[in-house]
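What follows is one structure encoded as structure tokens, with my remarks underneath.
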Amino acid sequence: MPFLSLGLRMLMNVEALNMVESVGNVVRHRTAPIIIRKSPGQYVMRWVVAISGECLAHAYQSFLAELSEKNGINVCYWCKKNEFIKHFDLNFYKNTSNQIKYSSEEIELINYTSKGVNTLDDVRRVEELIIRCCAVEDIGGFLTTQGPTKRTARFYVSYAIPTYDTVKDGIVALDHQFMVRHAPEAELRRQNKKEIPPAQAPYYPQIGSALYAWIFNLDLNGIGISSVSGEPILELNEIKRRKELALNALAEMLDNKLFGAKLTRFTPFIDFEVALAVVSDKIRFTVSPPILTLSEFVKETIERAEKARRDIDDAKIDLIVWCKDESIRKVIEEVAKDKATVIATSSIRDLISEIKKQVI
């Protein structure tokens, strides 16, 4: 039962990856409240820049869709377009079937709009058809309103928030940038000023800079498996291909650093500091919070892994730490003391390659 848990720390400068709303001519960056312990029994709340799990999940599923199409793995029409409606209502598919060429599985799904999803076998069949026609929904989950047909996503992602130590030390930034759409002649020629908005206008996008920490978990054992019966829906070779797809999409997302909003004008400077991966069997072991200090994050994860191995017979828990350079590697090795595999390379793809060796 391979279960992957990945904790990442990444330095991001001048980013506008998660914008939530416009207030007048201010475009706001997402913020979130976090609680920090000042001393035993004393806490303080801070509002900090944040990147939502939905933002990161959308990017990951975009790479899943792109790689599925490139590698001949089934992916539905809407996921190809990065519109992840995920068979939310079969009536929608029935109403659009004369405009869009749906797969044979989806044509069978449309039949359930008339006869209904009334039994457990119906629920099982609906889930099976959706999984067969779309790898993104197999891995990313879905909720269909016809009957209780729900598939929990096989991956889990946290918010990305600044680490505790950087918040305590005030090393987190949120700033307004003054921009102007410069069009003086167009503004002079704008005759009906009551109905036509200004051609030349100032606006203030917010940008953030921080050392972000976040967690990504992937239940590889659940890919291609029915949520109802627990039995494989796909052939074993196809399940293997989709497991590789799940890891390849993660590698593309992390290495190319293409996720979030406003990349056309605010492509951020992203520098991964460290990534700690835990591959476990017979237990869903997750990393400790990477918002702890670097040493505490690694040390606590290792200590928890050792205790879990003692408590659960035959539990397999392997730790791999990727560092961006030798200076960080020395810190990690001093903490890990040969209890984790430590690699220092220029590309985080090397970490995913190490993970593949253990789980595929």
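See the values below:
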item: Rounded Å value of the spacing that divides the Cα centres of the range 117-182 and the range 263-289; result: 16 Å
item: Shape category assigned to the range 145-194 from the gyration tensor of Cα positions, a/c cut at 1.5; result: oblate
item: For the chain: rounded, prolate or oblate by the Cα gyration tensor [a/c cutoff 1.5]; result: oblate
item: Relative contact order (%) - criterion: Cα under 8 Å, at least six apart; region: the range 244-360; result: 31 percent
item: Under Karplus coefficients 6.51, -1.76 and 1.60, residue-wise ³J(HN,Hα) of the range 88-94 in Hz, glycine/proline x; result: 5, 8, 5, 5, 4, 5, 5
item: Relative contact order, percent, the chain [alpha-carbon distance under 8 Å, six or more residues apart]; result: 26 percent
item: Given the chain, longest segment not containing exposed loop GluC sites (Glu not before Pro) (DSSP; at most 16 other Cβ within 10 Å); result: 236-360
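Just so you know, all these numbers are worked out from the coordinates, no wet-lab data involved. Not measured: the values here are computed from a predicted model. No Cβ is skipped: glycine too gets one built from the backbone with ideal geometry, and neighbour counts run over all protein chains shown.
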